[in-house]
1. Could you list, in sequence order, the residues of the stretch 137-166 that are under 10 Å from Arg195 (Cα atoms) and among the hydroxyl-bearing types (Ser, Thr, Tyr)?
2. Somewhere in the stretch 161-180, is a residue touching a residue at least 40 places away in the same chain (Cβ under 8 Å), open to solvent by 40 Å² or more (accessible area, probe 1.4 Å), out of contact with any Pro (no Cβ under 6 Å at 6 or more places or on another chain) and over 25 Å from Ala130 (Cα atoms)?
3. Restricted to the stretch 137-160, and to residues that are among the acidic types (Asp, Glu) and either farther than 30 Å from Asn115 by Cβ or open to solvent by less than 10 Å² (accessible area, probe 1.4 Å) (or both), which residue is modelled with the highest pLDDT?
4. What helices (runs of 4 or more DSSP H) lie completely within the stretch 141-255 and have 1 or more residues being over 23 Å from the mean Cα position of the chain (by Cα) and basic (Lys, Arg)?
5. How many of the residues making up the stretch 35-71 are surrounded by 19 or more Cβ atoms within 10 Å (Cβ to Cβ) and of a type in the set (S, T, N, Q)?
6. Of the residues in the stretch 181-195, how many are touching a Gly at 6+ places or on another chain (Cβ under 6 Å) and open to solvent by less than 20 Å² (accessible area, probe 1.4 Å)?
7. Which residues, counting only those in the stretch 208-245, are among the polar types (S, T, N, Q) and open to solvent by 40 Å² or more (accessible area, probe 1.4 Å)?
Amino acid sequence: MNRFAKTFTAAALSALSLAAAGPAVAQGRWDWSPGDRAYRLAGPGVPLLYPELRASPRGRAFVMRNFDFDRNGFISPREARAANRAFAEVAGERRDRFDWDHRDHVVVVEQPRGNWDHRAMRDYGFRQTARGATLNLQEDVLYKTDSDVLRPGAIDKLRPLAGYLKSEPGVRVAIDGYTDSRGTEAHNQALSERRAASVRTALDAMGVVRARFVVQGHGESNPVATNATPEGMRQNRRVEVTLLGQRADRFSRGD
């Protein structure tokens, strides 16, 4: 590794440690060439970036590859400040003379992982299913009766899940909505679809890329209890969130 790459690695790691909890656990190498993708900067942190980072393809790639910590395609003020610190350490006082075109390699520091609320994820009570680790969100926790509008407290209920998903960008998610047997089948099917979609929308608003979700409504099918009692119907009105391919026992350990 050349002197520049070593310096760049140290600077990026320093900025990451200041900007996010937990150490960076892996690093790799990215080569710039004209055939690589063109990165676009977006988000409230972009105006805070040094002009040298905004103005060159290599600078924009450096920001997006290293400092988009939650991988949502947007740069926050916190992420922008981290990128500026790392670049300043490498470029020195004369950032305007920094020559990206004669730098052969940029070292990529991957997003820190494992930085999620273990206690809150354990409290969801995941169970193991054939598809992965599944949690059950009851209708009365999320919605008012016969509505797909999330209650204010539902966002807080979903926040630890969003934090985990942002920390683990490779995990895909299934969201399945269910109702009880009251009402017509058509009504229940449409309601279950809207409710599942509202959970995806909430997670999307918290920075989880919506392309990671598979969303379905199942209406009154697949009940988990009898629809002959109020308690049974309450259990059937639910949204199930499955972390595809994940083990439920991963979330039963630690505090």
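1. Within the stretch 137-166, Tyr143, Ser147 qualify.
2. Looking for residues that are touching a residue at least 40 places away in the same chain (Cβ under 8 Å), open to solvent by 40 Å² or more (accessible area, probe 1.4 Å), out of contact with any Pro (no Cβ under 6 Å at 6 or more places or on another chain) and over 25 Å from Ala130 (Cα atoms), one finds none in the stretch 161-180, hence no.
3. Of the residues in the stretch 137-160, the ones among the acidic types (Asp, Glu) are 139-140, 146, 148, 156.
In the following step, the residues that additionally are either farther than 30 Å from Asn115 by Cβ or open to solvent by less than 10 Å² (accessible area, probe 1.4 Å) (or both) were identified as 139-140, 146, 148.
Working: Glu139: 83, Asp140: 81, Asp146: 86, Asp148: 90.
Out of the qualifying residues, it is Asp148.
4. Working: elements: 152-167, 185-205, 230-236.
Of the helices (runs of 4 or more DSSP H) lying wholly inside the stretch 141-255, those with at least 1 residues that are over 23 Å from the mean Cα position of the chain (by Cα) and basic (Lys, Arg) span 230-236.
5. Residues meeting the conditions: 1.
6. Summing the residues that are touching a Gly at 6+ places or on another chain (Cβ under 6 Å) and open to solvent by less than 20 Å² (accessible area, probe 1.4 Å) in the stretch 181-195 gives 3.
7. Gln216, Ser221, Asn222, Thr226, Asn227, Thr229, Gln235
The values are calculated or read from the model by the stated rules, or taken from the named source; none is laboratory data. From a predicted model like this one, the values you see are computed outputs, not experimental measurements. Positions of Cβ are backbone-derived with ideal geometry, glycine not excepted, and every protein chain shown enters the neighbour counts. Only protein heavy atoms, including side chains, enter the accessible area calculation; ligands, DNA and RNA are left aside. Shrake-Rupley method; radii C 1.70, N 1.55, O 1.52, S 1.80 Å.
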